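Worksheet: the structure to be examined is printed underneath.
The values are calculated or read from the model by the stated rules, or taken from the named source; none is laboratory data. Note that the coordinates shown come from a computational prediction; the quantities given were computed from them, not determined experimentally. Cβ atoms come from the backbone with ideal geometry, glycine included; neighbour counts cover every protein chain shown. Note: areas computed on protein heavy atoms with side chains; ligands, DNA, RNA excluded. Shrake-Rupley method; radii C 1.70, N 1.55, O 1.52, S 1.80 Å.
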Amino acid sequence: MRGPTILKTEDDKTRQLNKHSLMAFSGEAGDTVQFAEYIQANIQLYTMRNDTELGPNAVANFVRGELARSLRSRSPYTVNLLLAGVDGITQKPHLYWIDYLASLAPVPYAAHGYAQYYCLSTLDKHHHPDISLEEGLKLLEMCTDELKRRLPIDYKGVLVKVVTKDGVENKRNDPLNVCFFGRIVTMLHTDLLTVSCMTLVMMSKRQAELSFEEDTVAGSPAIKKARVEDDFEEGDPRHGALPLRRASGQEREEDERKGYDILAAADQEGEELEEAAVDNGAESDFDDADDDRPVIAAPKRQSAPMEGYSDLYLDTINREILDFDFEKLCSVTLSNINVYACLVCGKYFQGRGPKSHAYFHALEVGHHVFINMGTKKVYVLPEGYEVKNKSLDDIKYVVDPHYSKEEVSKLDKEVHDAFDLAGNRYRPGFVGMNNIKANDYLNVVVQLLAHVFPIRNYFLLHEFPTPGTPQLALRFSTLVRKLWNPKAFRSHVSPHELLQEIALRSSKRFTLTQQSDPVEFLSWFLNNLHLSLGGSKKPSRTPTSVVQAAFQGHLRIESQAITAHSDTQNARLVFTESGDIKSQTTPFLILTLDLPPTPLFQSANRESIIPHVPLTTLLNKYNGITASEKLAHRVRHRLLHPLPPYLLFHIKRFSKNRFVSERNPTIVTFPSPRSLDMSPYVEPNPDIWPPGEPILYDLVANIILDPTVAVPGATDEAAADKGVNAASGASSSTGAGAGSEKVSWMVQLHDKATSAENSRQHSERAGEQQGPEWLEVQDLFVKKAETETLFTREGYLMVWERRKVPGMNGRKGKNPAK
């Protein structure tokens, strides 16, 4: 009969997962190595990605989950594990027992393999929660002595490892020896964590030369002997008496064989040291108040900086990496309550108390300056005092820009260039927006609304009550103020915070990962923004929000039913219009303009022929004469007085039927971006506007699509397979998701300040003009555009602003919203 055989004496069956976690394993040779390396790699990858370590509890549950997943596969791992670690926050040790069936249990001590048959009884008998480091080592020696006597192998010693709050370290340099069966012994106690793998022991935490009383942390229970002695009264005869001397090694073996209960061997040495301390009067230097004092005192909290140290740590602030555009969530707990931003690394943490993540970040990493994202107050941690220094005003302004009425009134009158930290020149209000993946449809809509006079001024000047205002209005206001920020650290902004709220409110209809139709998004956004600002759902004669005041108008719709019947000879089908005309008045925010259909039979050189149609031809839809057919009805539209200060024109380019989806590339031309007369399309009303007087509108912004620019992340195969459906998120969409090719969105914006400067210099006939009055913005790219070439692109959504006419300002409905 053959017994166990030693195959290798240098096989370390442990893996250090992170700084405070160690895993011991046993089982099949191939499974143990592969699984241990897999777990180690994943735990270290998590640490690198998130810059934070998983605690022992999280590591144990992750390991258990991987074992459970493997157990249900065709090739499960046959691995038994013991996982030990110290929690970096609570500073408490943890030990977990895991077997090959993915069973997980927290234990004070444990063993795997053949070792458990010999060691568990010894551990049960001698282990207690207050065991010290020396007692733990002696107890492990008793376990190894038992294995030496019971197992027929050439036992060569053990290697001890200690897990403390400072990491994992080797305790002894005995030769390494791993049994063929991989026996594992583990113990857990209040301050010490010990794992023995026949040849491997892992312990924590104090220096061996310190007594337990000197090293006791606050909140830890005293050892048994100390608790018993402290309970003696002054008159008790046992008070001051020394404990009995512990037996020698041979006596302890005899007592153990006879069944007498003894402590671990380390009690003898520890009690002798304490007796010597009593004889020397050392115990008189300690009182009861000092027993619970920690070895390393926590930093003292301060309400104000010490004299001469008011500017401490401010030189560590790194403005170049600060980015406050992303959602204010704690990087550890993902909570949005009481969030602080580290001004050194830019990460978000919750709270600043002694048990908060920002507090531990300050202690562990050495980053001490934090700003409260709600109150804009700056604190130094871990001391906890507030910093009141004017050098931090620029950071507070970037977190939450604010404007005065005088500053806002100059935005459209004076040209002011600004510079970011890198020295790049930019124009406030005409900055790029980050396209995180496929959110260019949202970028152009936000840029468009940020240049509508009443919308911009309202969100720049209005102070929203924070507790009662919906997040949609708050985050949109913050984004608009950052777009017009003249003191920005970077020459672009990110809409991430607004995108997260929109995805939540729209039930993920509009997200940053899937492109959507700008008009569909604008329609949804205006309605929800109107409700967020306290607007009414019911129709009202007067606007109930700034959205209705800027965009809402009314039109009359007349419809006639069309019936089909046979002629008198029953030879053909005849369509007749009903004599009954139904009329209704309905409000609108966006006017849809229908393009003429593309020819069914196109010429061979159709690529060189670009169809075009004047804008006035499309507007004939609203003259009350031109009729269109819709759902067995002939419909006529007519605009009503008063027209809104701003008109939104949606040029319907995308259509879809049962067989094919297509985009209409017809160019919509207009002679000039100024002086569009809308009087022919409005029903006359002498009480509001004199008949025959022109109603002039000027172009403010124009969203255009460019099918030649590749969508980020798009491929030719995806374009041929999905078309623009990949940009819309719904295959049944009739908007920008119904075409057969990828598109990118950009916006053309009118620079009113440059236009005012050019007009002023033209009237004075002095100096050169400032340059083009239009700019094109596509994601992060901003470039100038010539006025004469605006109509050469495929316009999709236009914004026209009603012009003020001197002498007509007193008439109802004439003035734009202020």
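Inside the range 87-158, counting only strands (runs of 3 or more DSSP E) that do not spill past its ends, which hold 2 or more residues that are surrounded by fewer than 21 Cβ atoms within 10 Å (Cβ to Cβ), of a type in the set (A, V, I, L, M) and at pLDDT 90 or above?
The strands (runs of 3 or more DSSP E) meeting that bar are 104-106.
Give the number of residues within the range 364-387 that are in contact with a strand residue (DSSP E or B) (Cβ under 6 Å, 6 or more places away or on another chain) and open to solvent by 10 Å² or more (accessible area, probe 1.4 Å).
7
Of (1) in a helix (DSSP H, G or I); (2) closer than 19 Å to residue 337 by Cα, residue 374 satisfies all except one. Which?
Only one criterion is unmet by residue 374, namely (1).
Could you grab the pairs with beta carbons closer than 7 Å, sequence gap of 6+ or different chains, first residue in the range 107-124 and of a type in the set (Phe, Trp, Tyr), second one surrounded by fewer than 24 Cβ atoms within 10 Å (Cβ to Cβ) and in a loop (DSSP other than H, G, I, E, B)?
Between residues of the range 107-124 that are of a type in the set (Phe, Trp, Tyr) and residues that are surrounded by fewer than 24 Cβ atoms within 10 Å (Cβ to Cβ) and in a loop (DSSP other than H, G, I, E, B), the close pairs are 109/127; 114/181.
Identify all residues within the range 455-488 that are in contact with a strand residue (DSSP E or B) (Cβ under 8 Å, 6 or more places away or on another chain) and part of a helix (DSSP H, G or I); write none if there are none.
479, 482, 483
Can you tell me which condition residue 688 does not meet? The list is (1) open to solvent by 10 Å² or more (accessible area, probe 1.4 Å); (2) modelled with pLDDT of 75 or more; (3) under 22 Å from residue 436 (Cα atoms); (4) not aromatic (Phe, Trp, Tyr), and all the others hold.
(3)
Could you run through the range 775-784 and say how many residues are out of contact with any Pro (no Cβ under 6 Å at 6 or more places or on another chain) and free of Cβ contacts under 8 Å to residues at least 60 places away in the same chain?
Applying the first criterion (out of contact with any Pro (no Cβ under 6 Å at 6 or more places or on another chain)) to the range 775-784 yields 775-783.
From the residues that got through so far, the ones that are free of Cβ contacts under 8 Å to residues at least 60 places away in the same chain too are 776, 783.
Result for the range 775-784: 2.
Name the pairs whose Cβ atoms lie under 8 Å apart, with the first residue in the range 330-343 and not assigned by the TED database to the domain that holds residue 466, the second of a type in the set (Gly, Ala, Ser), and 6 or more positions between them or separate chains?
Going by the 8 Å Cβ cut-off, the qualifying pairs are 338/351; 338/374; 339/374; 340/351; 340/358; 342/358.
Residue 662 passes all but one of (1) touching a helix residue (DSSP H, G or I) at 6+ places or on another chain (Cβ under 9 Å); (2) outside any loop (DSSP other than H, G, I, E, B); which number fails?
If we test residue 662 against (1) touching a helix residue (DSSP H, G or I) at 6+ places or on another chain (Cβ under 9 Å); (2) outside any loop (DSSP other than H, G, I, E, B), just (1) comes out false.
Condition check ((1) closer than 27 Å to residue 513 by Cβ; (2) open to solvent by less than 10 Å² (accessible area, probe 1.4 Å); (3) modelled with pLDDT of 90 or more) across all residues:
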{"position": "434", "(1), (2), (3)": "yes, no, yes"}
{"position": "437", "(1), (2), (3)": "yes, no, no"}
{"position": "441", "(1), (2), (3)": "yes, yes, yes"}
{"position": "446", "(1), (2), (3)": "yes, yes, yes"}
{"position": "450", "(1), (2), (3)": "yes, yes, yes"}
{"position": "461", "(1), (2), (3)": "no, no, yes"}
{"position": "465", "(1), (2), (3)": "no, no, no"}
{"position": "469", "(1), (2), (3)": "no, no, no"}
{"position": "475", "(1), (2), (3)": "yes, no, yes"}
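Is it the case, given these coordinates, that residue 16 is in contact with a Lys or Arg (Cβ under 6 Å, 6 or more places away or on another chain), surrounded by fewer than 20 Cβ atoms within 10 Å (Cβ to Cβ) and in contact (Cβ under 8 Å) with a residue 60 or more places away in the chain? Can you show your working first?
Details: in contact with a Lys or Arg (Cβ under 6 Å, 6 or more places away or on another chain): no; surrounded by fewer than 20 Cβ atoms within 10 Å (Cβ to Cβ): yes; in contact (Cβ under 8 Å) with a residue 60 or more places away in the chain: yes.
Considered against the rule, which asks whether it is in contact with a Lys or Arg (Cβ under 6 Å, 6 or more places away or on another chain), surrounded by fewer than 20 Cβ atoms within 10 Å (Cβ to Cβ) and in contact (Cβ under 8 Å) with a residue 60 or more places away in the chain, residue 16 comes out as no.
May I ask you to list the residues in the range 405-446 that are free of Cβ contacts under 8 Å to residues at least 12 places away in the same chain, in a loop (DSSP other than H, G, I, E, B) and over 26 Å from residue 342 (Cα atoms)?
Hits for the range 405-446 are 410, 417.
Of the conditions (1) free of Cβ contacts under 8 Å to residues at least 12 places away in the same chain; (2) open to solvent by less than 80 Å² (accessible area, probe 1.4 Å); (3) more than 27 Å from residue 497 (Cα to Cα), residue 390 clears all except one; give me its number.
Result: residue 390 fails condition (2) only.
For residues in the range 27-65 being in contact with a helix residue (DSSP H, G or I) (Cβ under 7 Å, 6 or more places away or on another chain) and not charged (D, E, K, R), which is surrounded by the most Cβ atoms within 10 Å (Cβ to Cβ)? Even if it seems obvious, please write down each step before you answer.
Within the range 27-65, the first condition is being in contact with a helix residue (DSSP H, G or I) (Cβ under 7 Å, 6 or more places away or on another chain), and the residues that meet it are 39, 43, 53-54, 59, 63.
This time we only want the ones that are not charged (D, E, K, R), so: 39, 43, 54, 59, 63.
On the way: 39: 22, 43: 21, 54: 21, 59: 24, 63: 26.
Going through the qualifying residues, I end up with 63.
Quick one: count up the residues across the range 488-534 that are of a type in the set (Ser, Thr, Tyr) and open to solvent by less than 40 Å² (accessible area, probe 1.4 Å). Walk me through how you get there before you give the answer.
As a first pass, look at the range 488-534 and keep what is of a type in the set (Ser, Thr, Tyr): 491, 494, 506-507, 511, 513, 516, 523, 532.
Still in the running and open to solvent by less than 40 Å² (accessible area, probe 1.4 Å): 491, 494, 506, 511, 516, 532.
So the answer is 6.
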